[in-house]
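Contents: one structure, followed by commentary.
Please treat every number below as a calculation from the coordinates, not as lab data. Computed from a predicted model, the values in this text were never measured in an experiment. Glycine also receives a Cβ, built like all others from the backbone with ideal geometry; neighbour counts cover every protein chain displayed.
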Amino acid sequence: MKEITVISGKGGTGKTSITASLAAAGPGLVLCDGDVDAADLHLILGPDVKETHTFEGGWTASIQQEKCSGCNICEEYCRFDAIFRDDNNRLVIDGFKCEGCRLCERLCPSKAIKSKRSNSSRWYVSETRFGILVHAEMGPGEENSGKLVTLVKENARELATRSGAKMILTDGPPGTGCPTIAAVAGADAVLVVIEPSITSMHDAERVIELVRGFGIPVYALLNKSDLNPRISKLVESQLEVYSVPLLGQIPFDEGVVEAMIEGLSFLEYAPDSGASSIIRSVWMQLFSN
Amino acid sequence: MALKIAIASGKGGTGKTTTAVNLYHHLNRMHGGNVLLVDCDVEEPNGVLFFPDAMEETSSLVTMEIPVIDTSKCTFCRRCVEFCEFNAILVIPPVKFAEVNQSQCHSCGACQVACDHEAIWVKDQTIGNITRYSGITGAGIVEGNLKIGSAMQTMVIRSLKKSLHSNNNDILLFDAPPGTSCPVVETVSDTDFGVLVAEPTPFGLHDLKLMVALLRKLCIPFGVVINKADLGSPEIYEYLGTEGIEILAEIPFSRSFAAIYASGELQSGIPEEIDNGYFLLARKLSELRVTV
């Protein structure tokens, strides 16, 4: 079994559209939406949800005012500036700033602080026309999206092993921080989707460095390649410098948006297009490498 | 006090940075060059790429305290392990092993409180840096940059925002990271207004709804900029109408503008209807400033 994660650094380069098309190109896979912050893959895959689970997120502390003596110990020890005095001079905790370390709860001499685990995030196992999809929906403003990504991936692995799937394909998040680290950890290969802009190239360089740090092979795909031919050339030569194989170049096509509106992958929307044959070739290269 | 405006989106690539950079130009013209751009997309900071003349003025490291266990003093009682909510400490008494996993540590200080044997000390670990750029028209750019491989993006954003306290600007423009989780909360919290940049596509609408839920939860007023407005479907308008959300601007898709953006040249040659869209948006936000 092979695990491939699609990332980009910069958002909006086409990760999810490419992932959906790769899914349409290759049968026998388990899909995984690793962008739990702003999960979109399900909009194309139209999943039939079979299992819904609650994700136990991080802790958030709160102060029971009737027990609080106002001693200030919690405020002094909080490293996250989450505890402050409100307009009535009562000690209160800003739930968004609380990191969930529970130190205040342990230190409070009046036992006035209690923590609760957030439970506003869900994760799902679904059936789709391309195979099993493990995906999630994070409550707005939640912490721990890296942990939720790890959980989604672990379940995808288990399901892939059980069903004898040949590949796990993960749609990753933008950025280089904890959700991206979680999405690429344990992958056999990473595909970086780049568009011909200096920002995308800059961000791709950062994720290439990140993925190489994990010792994972990196491949690139240049999307919307004809939007700026000069920058496309620049990207090509930069990839050569980094020794990152460029598996294909897909020209800009407004049909990608049309396909999305119809809930289709581009490969289903325009199976005979040049872009679709490039996707198939990328799939073959990823699978054989 | 400066007016703080956050530019956010949920979905990546909708045009946050483009909007931020264009607003920077227009608002600086309207406010005597006293508008600062704060790049909070610390995982991929690239606002400065649109300012070829920008010069690095100062740069400082962002560090966090990482505990180190002195095994000569440690009694392997495992109290620190119990205190650590992030599973960052591994203690195996039979083999006298005690170590902190740096990548899991949130630097909360609980383990030090737990230890009765003064066996835990701390060292500074670099997680990123904060760089200030000048040499461009306007108050300049301050950028947070997460060290590659670090998972502490929220902490870098927090330090970045703290570093602005002594500033004396009219307006602070915060360019937010994509997504809706803790780094976005850190960026938008305590701002006066959110500019949500959305594309009229199914992905764009889905992620916009998540952002709207977040900003409502945080009680931050906001409006929406529809970017690449002619490239998608009308559902977004129905949604915004039903929810009573103000459309601040509509920016059309333009292939030539996309090419200009791609080269990082947002200084000139911007199609008039796009430049005018950003000008009107800036004026609207400027008026907001007077009413606050």
DSSP beta bridges in chain A: the antiparallel percent, rounded to 5, is 45 percent
Among A:Lys10/B:Lys161; A:Lys10/A:Lys166; B:Lys16/B:Lys228, the pairs whose Cα-Cα distance exceeds 19 Å are A:Lys10/B:Lys161; A:Lys10/A:Lys166
Counting other chain Cβ atoms within 10 Å of each Cβ in A:93-101 and taking the mean gives 4
Inter-chain shielding metric for B:261-267, i.e. average beta-carbon neighbours from other chains within 10 angstrom, reads 5
Scanning chain B, every Cys lacking a C-beta partner under 4.7 angstrom -> B:Cys40, B:Cys74, B:Cys77, B:Cys84, B:Cys105, B:Cys115, B:Cys182, B:Cys219
Note: B:202-214 gets an average of partner chain Cβ contacts (10 Å, Cβ to Cβ) equal to 4
With chain A reduced to its Cα atoms and the Debye formula applied, log10 I(q)/I(0) at q = 0.09, 0.10 1/Å amounts to -0.51, -0.60
The alpha-carbon center of the stretch B:14-83 and that of the stretch B:233-282 are separated, in whole Å, by 27 Å
Taking a label point 7 Å from the Cα of A:Lys2 along Cα-to-Cβ, the residues of the stretch A:248-289 whose backbone nitrogen sits under 18 Å from it are A:248-249, A:277-289
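Quick one: net charge of B:Phe203's neighbours, Cβ under 9 Å, K/R +1, D/E -1?
Neighbourhood net charge equals -2.
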Plugging the Cβ-Cβ distance of B:Met55 and B:Lys123 into 1/(1 + (r/R0)^6) at R0 = 35 Å yields, to the nearest 0.05, a FRET efficiency of 0.60
note: the stretch B:1-155, Cα-Cα separations exceeding 23 Å make up a percent value of 53 percent
A correct fewest-to-most ranking of B:His25, B:His117, A:His135 by other Cβ atoms within 10 Å would be B:His117, B:His25, A:His135
CD proxy, 222 nm, chain A: helix-only mean residue ellipticity via -39,500 (n - 2.57) per DSSP H run with n ≥ 4, per residue, nearest 500, stands at -11000 deg cm²/dmol
Most fluctuating of B:Asn227, B:Asn34, B:Asn168 in the GNM of chain B (C-alpha, under 10 Å) is B:Asn168
Counting all Cα-Cα pairs in the protein assembly as shown, those more than 44 Å apart amount in percent to 17 percent
Rounded to the nearest 0.05, FRET efficiency between B:Asp116 and A:Lys114 (Cβ-Cβ, R0 35 Å) equals 0.90
Taking a crude spin-label model, label points 7 Å out from Cα along the C-beta direction, the A:Ser69 to A:Ser281 distance in nm is 7.5 nm
Comparing B:Thr17, B:Thr126, B:Thr75 in a Gaussian network model of chain B (Cα, 10 Å), the one with the largest mean-square fluctuation is B:Thr75
For the pair B:Asp190 and B:Arg79, the simple spin-label estimate (label points 7 Å beyond Cα toward Cβ) gives in nm 3.4 nm
GNM of chain A, Cα pairs under 10 angstrom: of A:Leu133, A:Leu227, A:Leu107, the biggest fluctuation goes to A:Leu107
To the nearest 10 degrees, the tilt of helix A:274-288 (Cα long axis) against the first principal axis of the alpha carbons of chain A is 70 degrees
Semi-axes a, b, c in Å (a largest) for the stretch A:1-71, each sqrt of 5 times a Cα gyration tensor eigenvalue, come to 40, 16, 11
Among beta bridges assigned by DSSP with both residues in chain B, the antiparallel ones amount in percent, to the nearest 5, to 50 percent
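Using packing as a proxy for protection, rank A:37-45, A:161-169 so that the peptide with the highest average count of other Cβ atoms within 10 Å comes first.
The most tightly packed comes first, giving A:37-45, A:161-169.
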